[in-house]
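Undergrad: Before we start, here is the structure in question, set down as structure tokens.
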Amino acid sequence: MSPAAEGSPVRVRLDLAYDGGAFHGWAAQPGLRTVEGVLSEALATLIRRPVKLTVAGRTDAGVHAAQQTVHVDLTDAEWQGLPRRSAEDPATVLIRRLSGVLAGEDGAVVVYAAQRVGTDFDARFAALSRRYIYRIADHLEARSPLRRADTAWHRQRLDELLMHAEAASVLGLHDFGSFCRPRETGTTIRQLQEFTVRRDTDGVIRAEVTADAFCHHMVRALVGAVMEVGEGRRSPGWLAERLETPSWDEKVRLAPARGLTLAGVEYPQADQLAARTAQTRAVRR
């Protein structure tokens, strides 16, 4: 029975983390292990019916998440029926029971927070921004075996100062068609709010990228482009030049997936959720 069949749904927000190396991306695919597939199956085991997940942002195969957000709609009976004792909080029980089911999935997915939210909350359309971190080890001393799962190993030294300056040149509202794999629907216009490149004390280059939303492959294409400038294959100003002709072509170079982690998703206050959703749904031109 769908939530709509029993009146107003109970919307539940879940925050989770996962090791993207264990999955073929977020989106469910027949015959492949995906984050959505594993989480949907775990929820179906508890709720005893298939559930639909709405995610803040789909991640590619091999991309990790430190904080991903989804929402799911349950019936009031399903929500209140989670605790076996009336004094227990349904959200606490849901986390505990999900942890038990997901433990059989080798710990690659952890749901660490759950809360009941209003139906104005939409994990995808109500988000203000998504923030990604990309890690690059460009010399032997920076290659830590303990971080090999979330760090791209690059054979050539990179100039992080050139990369940082290049990243700053594409901040703002643009058509990022040169850095987004095209899809039949939707737009490639995005507000790039932050794009910085620094070398950490451990010698690893750390790029941080924040936007109101990202289109398909956008982060990896942007990082791949600044890497080309950083290794001297492209001249400074190349990213801005690419923006002038927003078209996906053979010049696109994707940075390896394993260096990328979704670090967080930001949302407005509860009284601003509906307005934000309406704004996001409006197609940009």
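Undergrad: Under the condition of being surrounded by 20 or more Cβ atoms within 10 Å (Cβ to Cβ) and of a type in the set (A, V, I, L, M), which residue from region 225-244 is farthest from residue 195 (Cα to Cα)?
TA: Looking at residues that are surrounded by 20 or more Cβ atoms within 10 Å (Cβ to Cβ) and of a type in the set (A, V, I, L, M), I get 229.
Undergrad: Here is a follow-up. What is the number of the single condition among (1) surrounded by fewer than 20 Cβ atoms within 10 Å (Cβ to Cβ); (2) closer than 26 Å to residue 155 by Cα that residue 222 does not meet?
TA: Exception for residue 222: condition (1).
Undergrad: Any idea which of 190, 276 is closer than 25 Å to residue 71 by Cα and touching a His at 6+ places or on another chain (Cβ under 9 Å)?
TA: Among 190, 276, only 190 is closer than 25 Å to residue 71 by Cα and touching a His at 6+ places or on another chain (Cβ under 9 Å).
Residues checked against (1) modelled with pLDDT of 95 or more; (2) over 26 Å from residue 129 (Cα atoms):
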position	(1), (2)
1	no, yes
7	no, yes
13	yes, no
17	yes, no
23	yes, no
26	yes, no
35	yes, no
44	yes, yes
54	yes, no
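Undergrad: Quick check on this structure: which one of 207, 225, 255 is part of a strand (DSSP E or B) and either modelled with pLDDT under 95 or small (Gly, Ala, Ser) (or both)?
TA: On inspection, the qualifying residue turns out to be 207.
Undergrad: Which residue pairs have Cβ atoms closer than 7 Å, lie 6 or more positions apart in sequence or on different chains, and pair a first residue in region 232-256 that is assigned by TED's automatic domain parsing to the domain that holds residue 189 and over 17 Å from residue 170 (Cα atoms) with a second residue that is at pLDDT 95 or above and exposed (fewer than 12 other Cβ atoms within 10 Å of the Cβ)?
TA: Taking only residues 6 or more apart or on different chains, not a single pair turns up.
Undergrad: Is it the case, given these coordinates, that residue 103 is assigned to a loop (DSSP other than H, G, I, E, B) and of a type in the set (A, V, I, L, M, F, W, C)?
TA: The answer is no for residue 103.
Undergrad: How many residues does region 52-100 contain that are of a type in the set (S, T, N, Q) and either closer than 18 Å to residue 34 by Cβ or part of a loop (DSSP other than H, G, I, E, B) (or both)?
TA: Of the residues in region 52-100, 6 are of a type in the set (S, T, N, Q) and either closer than 18 Å to residue 34 by Cβ or part of a loop (DSSP other than H, G, I, E, B) (or both).
Undergrad: Hey, can you tell me all the residues within region 132-147 that are in contact (Cβ under 8 Å) with a residue 60 or more places away in the chain, of a type outside the set (Gly, Ala, Ser) and surrounded by 13 or more Cβ atoms within 10 Å (Cβ to Cβ)?
TA: Those that are in contact (Cβ under 8 Å) with a residue 60 or more places away in the chain, of a type outside the set (Gly, Ala, Ser) and surrounded by 13 or more Cβ atoms within 10 Å (Cβ to Cβ): 132, 133, 134, 135, 136, 138, 139.
The values are calculated or read from the model by the stated rules, or taken from the named source; none is laboratory data. All figures in this text were calculated on a predicted structure; none of them were measured in a lab. When we count neighbours, we look across all protein chains shown, and the Cβ atoms used for this are built from the backbone with ideal geometry, even at glycine.
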